[in-house]
Amino acid sequence: ARVCDPYVEEDVQKCMKKLRKFHECKLQVNHEFDLFGQIEYYESLRNGTKSMYRDYEETKRKVYELKTYIDKAPKNIALTHIDAVCDNFLMKDDQIYLIDWEYAGMQDVHVDIAMFAIYAMYNKDQVDKLIDAYFEGQVEEAIRIKIYCYIAICGLLWSNWCEYKRICGVEFGEYSLKQYRYAKEYYRIVAQMLGEEELKNV
C-alpha cells in the first residue's frame with residue numbers, strides 16, 4: 001500500500017471520490033468536532049503563554065468573524081473524518097482505505113476538503129481544483145466560499161496545535177507557519193469576495 005500523492009491529479013480524483021462516497025453514507029455518532037471549541041482548547045494548553053505571532057489576537061478576531069457566516073450557511077452534517085489528509089488515504093491496487101479516525105465526529109462534511117488542502121499546503125489554484133474534484137466540477141459559489149472559511153478556521157486551529165506542540169519541544173517548521181498564513185490569507189479572500197463590511201454584518 002501507499003499513501004495518496006496530493007500532487008498527482010489521478011490520486012486526488014480517486015481520493016475525493018472515496019471521500020464523497022463516505023460522506024454520502026451520512027453516518028451518525030453521539031459527539032461532534034467543534035472547530036472553534038478546539039481553537040480555544042489548544043490555545044488554553046499554552047497556559048497563558050503568548051502566541052509567537054505578534055498579530056495573533058487580530059488574526060483570531062478576524063477568523064471569528066467567519067463564524068457568523070458559517071453558522072448561517074447550509075451544511076451537510078454527518079460523521080466527518082476531520083483528518084482526511086493525503087497521508088490517511090491508503091491506496092492498494094483498486095482499493096482506497098481511509099485510516100486514522102481519532103478526531104472524527106459530527107461536523108459539516110465539507111470541513112474534510114479544507115483539511116486535505118491545508119495539510120497538502122495547496123495554493124489557491126490547487127484548492128480550487130480540489131474542490132472541483134470533490135464536486136465533480138459542479139459546486140455553488142456559496143459552498144466554495146464556505147470551504148474557504150473552513151480553510152481559515154482550520155488553519156488557525158492547527159496553528160494553535162503547533163504552538164502547543166512547540167512548548168512541548170516539538171517543532172513543525174514550515175507547516176506551522178503555513179497554517180497560520182492560511183488563517184490570514186483565506187480570511188482576506190473571503191472578505192474580498194463578500195466585502196469586509198458585509199462580512200462583519202452577516
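The values are calculated or read from the model by the stated rules, or taken from the named source; none is laboratory data. Keep in mind the model is a prediction, meaning the values are calculated, not measured. Here the Cβ is made from the backbone with ideal geometry for all residues, glycine too, and neighbour counts use every protein chain on show. With ligands, DNA and RNA removed, areas are computed over all heavy atoms of the protein, side chains included. Shrake-Rupley method; radii C 1.70, N 1.55, O 1.52, S 1.80 Å.
Of note:
- Test: residue in the range 24-41 that is under 21 Å from L156 (Cα atoms) and either touching a Pro at 6+ places or on another chain (Cβ under 9 Å) or hydroxyl-bearing (S, T, Y) (or both): yes
- Applying the criterion of being part of a helix (DSSP H, G or I) and aromatic (F, W, Y) to the residues of the range 125-178, the residue that is nearest to the chain's Cα centre (by Cα) is Y150.
- The residue of the range 160-174 that is least open to solvent (accessible area, probe 1.4 Å), among those that are of a type outside the set (D, E, K, R) and without any contact (Cβ under 8 Å) to a residue 60 or more places away in the chain, is C162.
- Selection status of I118, on the phi > 0 side of the Ramachandran plot and of a type in the set (A, V, I, L, M): no
- Within the range 82-97, being of a type in the set (S, T, N, Q) and within 24 Å of Q179 (Cβ to Cβ) holds for one residue alone: N88.
Here's the yes/no breakdown for (1) without any contact (Cβ under 8 Å) to a residue 60 or more places away in the chain; (2) open to solvent by 20 Å² or more (accessible area, probe 1.4 Å):
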site	(1), (2)
Y41	yes, yes
G48	yes, yes
R61	yes, yes
Y69	no, yes
N76	yes, yes
D83	yes, yes
F89	no, no
Y103	no, yes
I113	no, no
